[in-house]
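Dropping a structure here in structure tokens format, bear with me for questions.
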Amino acid sequence: AMAEIPEPPAGETLVQEVARAQKSATVKALVGIALICGIAGYFASRPFKGTGAEVPPAQWRVAAADLELKIPSGWVIAQAGDTEVLARTVTIPTGFADNVNVMTLAAKGKTLAAIEAENRAEISPLAAQVHSIGRQVYPWGEGLGFDYERIYPGKPRLRHAGVIILRGDRQIVVTVTCQADRWRAVRADLKRLLDGIVLDDVLSVETEPR
């Protein structure tokens, strides 16, 4: 089943802001993560409405990132304009739906080690608590895992966790965002989501010696 999120008020939306930032030569992985958090939170805070009773798909294909995610039980594909996210259905009526966002950023020649160092240095000042940032091995290859909490004005304390995958000249960022007090309920779904990433055989995942 597909959920819809109404169009936002006039003015630049976070979708447009992200698109503009992606064109900037100065955008960094941290900026990408921060914008993902904002965009996911924005989508999740909008009212949802169902569009049918179709059987939910088992996979969420994100063509722009050349990957598919296995949809955990209790999650649904949601749409805002041209952008899709996953939302945890039980949290939709609460005013903030736990959600998953996928985004691509230019790698600009950076190695995974450089991206790790950059994020370690720059996430800490923004985060209320950093749980982990570091390279991890998943069933599909190596990625840069991250897990931290952040406080936004007017919103509950949020937890952002996910992975950055380096493929050729792109960083693919998969971010799960939930209210921090719901973490225990989301943690198992996060592991299934990240372990179950299916990458198209377009480019190999970049790995490096530690």
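Read-outs: derived from the displayed coordinates by stated rules, not from any lab. Quick caveat: nothing in here was measured; it's all calculated off a predicted structure. Every residue, glycine among them, receives a Cβ derived from its backbone with ideal geometry; neighbour counts consider all protein chains shown.
Subtract the Cα-Cα distance of Arg61 and Trp140 from 0.36 nm times their separation in residues, and report this length gain in nm to one decimal. Mind dumping the intermediate values first?
Working: separation 79, 0.36 × 79 = 28.44 nm, distance 1.61 nm.
My answer for the length gained is 26.8 nm.
HN-Hα J couplings of region 93-102 from phi, Karplus 6.51/-1.76/1.60, θ = phi - 60°, integer Hz, Gly and Pro as x?
x, 7, x, 9, 8, 4, 8, 10, 10, 10
Something else about it: Between Lys191 and Glu149, what is the label-to-label distance in nm when each label sits 7 Å out along the Cα-to-Cβ direction?
Between Lys191 and Glu149, the simple spin-label model gives 2.1 nm.
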